[in-house]
Each structure stands twice: as C-alpha cells, then as structure tokens.
Amino acid sequence: MSIKENLEKVNQKIADAALKAGKKPEDITLVMATKTVDAERIREAVRNGGHVIAENKIQEALKKYEVLKDEDASWHFIGHLQTNKVKDVLKFADMIHSVDRMSLVEKLDKRLASEGRSMDVLIQVNTSYEESKYGVSPEDAISLVRETSRYDTLKIRGLMTIGLFTDDEVKVRKCFKLLKGIYDSVIKEGIDGVEMKYLSMGMSGDYHIAIEEGANMVRVGTAIFGVRNTPDAYYWPSEKVDK
Ligand SMILES: *Cc1c(COP(=O)(O)O)cnc(C)c1O
C-alpha cells in the first residue's frame, strides 16, 4: 500500500477511536515517527496530509531537515536527548517530547536563554517501569513538572510515554491510564506556566487504545511507512526491545 493509503487508514482509525472516546477526530494530532524513513518518502507523507515529523536521532534529523525544512510541517524530537546534543536539537525542533531529568532541563534552559527563545516540551514518563527505559518515574513526574515550570524558557505542554511492548492489552492500558492520571493531577494542581494540552501516547500497535485512554497526540511510524529494517535497539540504545 502507498503512503497515502496508509495515512488514510491511520486517520480513519484515529477518527473511530476519537469518536469512541467522545472526542472529535480533529482533536487528535497525528505525529509521524519518521526514523529510518528517507526524506523523499517523508515529503510524500507531508504532501498527503501528515504535518508533524518526529525524529529520534539528532544527526539523522538535521540531515532530513536540511532537505525538508520548506515543507508544510512542524518538527518534533521524540528520542532520548543527550545533554551534549541540546544545541543541535534547537536547530530544527518545534517541540521536544523527551524531557525527563533536571540536568537536561538546565542545559536546555541555558541554551534557550542564550538564544533568547523558548521551547514547547513534554515530560516523558516511564509508565512501564522497565528499568532500561528512559523517562522520569511516575512517582517523580509531578515534581519534575513543578521544577521545570520554574524555567521560563521551557513551556510544558503535556506528557509523553512509551507503553509497554506486549500483546497484553490490559498491561498496555495500565501504562496509558497511569499517564492520564498524572496528566489530570497536574491540571488539578494548576502549576503556573504549565499547560496540559498534549497527552502523547500510542504507537502503531496501540494508538487506538491510547486514544480511548485519553491520548490526543499519537506517534505512528510503521503503520504509515512500513516495517523498519534498522532494529529499534539502535534508536533506543539502552532499552530492551522485546516486541
Ligand atoms: C518509533 C517510535 C514510535 C512509532 O513506532 P511505530 O511502532 O513504528 O509506530 C513512537 N514513539 C517513539 C518514541 C518512537 O521511537
């Protein structure tokens, strides 16, 4: 199937899940996870209605950005962000989904301040409790939101998680419910400068479930571009990939 047909299928499934969750289809933002996908195929996707490009690796993103920066798309960074890559991520990203520790917050703040700008960010939470996964622990998530909110350069716009890789739907839902609970707690607390606008959860295998559990931003790669040749372990270096 073509990228165009795949996008139509994904958008239909998003719409169905949204209606089931009592939301409007347009309330859900489709983020295209474009790791390993070459620039021309990404261009094809953008021209067929995918308007958010999300990359995991800085060097790969910069190369594609060079080619695609004039396309009608915004750019998200969804991979693990090393502090020594902060300067480079700011060259292309409109949003960073993977803020998960204070050392990174401090580095981002310093660089953003020196450039006189701000950045929309999501706090990544490790809802699957896999030790090898990135993200702040669910228990520490709200205090990381509070601490990060003190930095004017970082605009917290929501939360992100990668659910457990398993066929057990109950376990997957548990991760998503956990993140939604934290999201609601942050809203209830009403932290200055923090806007819980995006709940980024759900990938090709489980985005319909994530939407049912409250996601309004889903990150989909394989269902749009097909199966990747490069193992995900390359993109999630210290993570167990047990799919
Ligand atoms: C690759 C990736 C996705 C999308 O994964 P698919 O299963 O291909 O849809 C979503 N989120 C992150 C962080 C990713 O690295």
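The values are calculated or read from the model by the stated rules, or taken from the named source; none is laboratory data. What you are looking at is a predicted structure, and each value in this text was computed from that prediction instead of being measured. Virtual Cβ from ideal backbone geometry, glycine too; neighbours counted across all protein chains shown. Areas reflect the complete protein model, heavy atoms only, side chains present, ligands, DNA and RNA absent. Shrake-Rupley method; radii C 1.70, N 1.55, O 1.52, S 1.80 Å.
Are any of the residues in the range 154-163 touching a Cys at 6+ places or on another chain (Cβ under 7 Å) and open to solvent by less than 10 Å² (accessible area, probe 1.4 Å)?
Scanning the range 154-163 turns up at least one residue that is touching a Cys at 6+ places or on another chain (Cβ under 7 Å) and open to solvent by less than 10 Å² (accessible area, probe 1.4 Å).
Please give the number of the condition Ser143 fails out of (1) surrounded by 15 or more Cβ atoms within 10 Å (Cβ to Cβ); (2) not in a loop (DSSP other than H, G, I, E, B).
(1)
Being more than 16 Å from the ligand (Cβ to nearest atom), touching a residue at least 12 places away in the same chain (Cβ under 8 Å) and open to solvent by 10 Å² or more (accessible area, probe 1.4 Å) is the filter here; which residues of the range 111-138 pass it?
Arg111, Ala113, Glu115, Arg117, Ser118, Asp120, Ser137, Pro138, listed by residue number.
State yes or no: is Leu68 surrounded by 15 or more Cβ atoms within 10 Å (Cβ to Cβ) and within 16 Å of the ligand (Cβ to nearest atom)?
Taking the combined requirement at face value, the residue does not satisfy it.
Return the residues of the range 81-106 that are crowded, with 19+ Cβ neighbours inside 10 Å and touching a strand residue (DSSP E or B) at 6+ places or on another chain (Cβ under 6 Å); say none if nothing qualifies.
Leu81, Val89, Phe92, Ala93, Met95, Ile96, His97, Ser98, Val99, Asp100
Within the group Gly163, Gly202, which residue is touching a strand residue (DSSP E or B) at 6+ places or on another chain (Cβ under 7 Å), within 12 Å of the ligand (Cβ to nearest atom) and within 27 Å of Ile42 (Cα to Cα)?
Among Gly163, Gly202, only Gly202 is touching a strand residue (DSSP E or B) at 6+ places or on another chain (Cβ under 7 Å), within 12 Å of the ligand (Cβ to nearest atom) and within 27 Å of Ile42 (Cα to Cα).
Out of everything in the range 45-65 that is touching a residue at least 40 places away in the same chain (Cβ under 8 Å) and touching a Gly at 6+ places or on another chain (Cβ under 9 Å), what residue ends up being surrounded by the fewest Cβ atoms within 10 Å (Cβ to Cβ)?
Selected residue: Lys57.
Results for (1) basic (Lys, Arg); (2) at pLDDT 95 or above; (3) farther than 25 Å from Ala233 by Cβ, shown as yes or no for each residue.
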position	(1), (2), (3)
Ala54	no, yes, no
Lys57	yes, yes, no
Glu106	no, yes, yes
Val136	no, yes, no
Ala141	no, yes, yes
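Just to verify a result, which residue in the range 205-231, among those that are part of a loop (DSSP other than H, G, I, E, B) and more than 10 Å from the ligand (Cβ to nearest atom), is surrounded by the most Cβ atoms within 10 Å (Cβ to Cβ)?
Ala215
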